[in-house]
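The values are calculated or read from the model by the stated rules, or taken from the named source; none is laboratory data. Every value quoted in this text rests on a predicted model; they were computed, and no experiment measured them. Please note: Cβ atoms are built from the backbone with ideal geometry, for glycine as well, and neighbour counts cover all protein chains shown.
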Amino acid sequence: MYPQQYPQTSQAPPPYQNNMHCNEPSVGYFRPAEERMEDFQQLVARYEINHTFATKLRVLEGYEIVFICDDSGSMNTPLGDLSGPFDKLPSRYDDDCIGYLNDWDRKIPNLDVVDDYRNEKKEIQARQGKNFPFSFGDYVVKILMGGVDSWFDDLDEKKVVTDGYGRPNKDSDRKRKKLHCTIL
């Protein structure tokens, strides 16, 4: 594909090994609930995560979360020069190019399309009120939980049920149906 970036090797690949047991936790992996909770509380405090967001985030306890990162170099592609002071600034996230994602967000259940932090905060505070708490830590929680809990997906789309401090009413969880998560 790119011979200068991925040079051919003349040696044979390593032998195949059955790694079926590699993903099993080791015997010493278990940590007491108190220790995990203490670490969780430190994480919440460090990143100023809203109480409601932190409470809802605990649903993911016990799950292994995998992040897939792409270093294909596409972010190194020049956008081109501006020809004048009144030209539109170039953007990799042009509304025309990514509009289909917002359409998916409206049509596909349990899919949350998230903007960059500043725009997401503006959208949320436009719907929930300018005093709605939304830290960068809350933003990360919304990314993780938007496809799992519709409350997070709704934050930038419509007014959600809260007690006025960014926390949902106790009755709102009882009214919410359990849905399956769609991951694309």
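Observations on the model:
- Where a residue in region 143-164 is without any contact (Cβ under 8 Å) to a residue 12 or more places away in the chain and under 17 Å from R127 (Cβ atoms) and its partner, wherever it lies, is among the polar types (S, T, N, Q) and surrounded by fewer than 20 Cβ atoms within 10 Å (Cβ to Cβ), with Cβ under 6 Å and at least six apart: V161/N169; V161/S172; D163/N169
- From E24, E48, E38, residue being part of a loop (DSSP other than H, G, I, E, B) and modelled with pLDDT of 85 or more: E48
Conditions (1) exposed (fewer than 10 other Cβ atoms within 10 Å of the Cβ); (2) at pLDDT below 85; (3) assigned to a loop (DSSP other than H, G, I, E, B), marked per residue:
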{"residue": "I68", "(1), (2), (3)": "yes, yes, yes"}
{"residue": "L82", "(1), (2), (3)": "no, yes, yes"}
{"residue": "L89", "(1), (2), (3)": "yes, yes, yes"}
{"residue": "I98", "(1), (2), (3)": "no, yes, no"}
{"residue": "D103", "(1), (2), (3)": "no, no, no"}
{"residue": "V113", "(1), (2), (3)": "no, no, yes"}
{"residue": "N119", "(1), (2), (3)": "no, no, no"}
{"residue": "K122", "(1), (2), (3)": "no, no, no"}
{"residue": "Q125", "(1), (2), (3)": "no, no, no"}
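- With respect to (1) modelled with pLDDT under 90; (2) of a type outside the set (F, W, Y); (3) closer than 26 Å to Q41 by Cβ, the lone exception for L184 is condition (3).
- Test for V148: is it assigned to a loop (DSSP other than H, G, I, E, B), modelled with pLDDT under 90 and more than 21 Å from L43 (Cβ to Cβ): no
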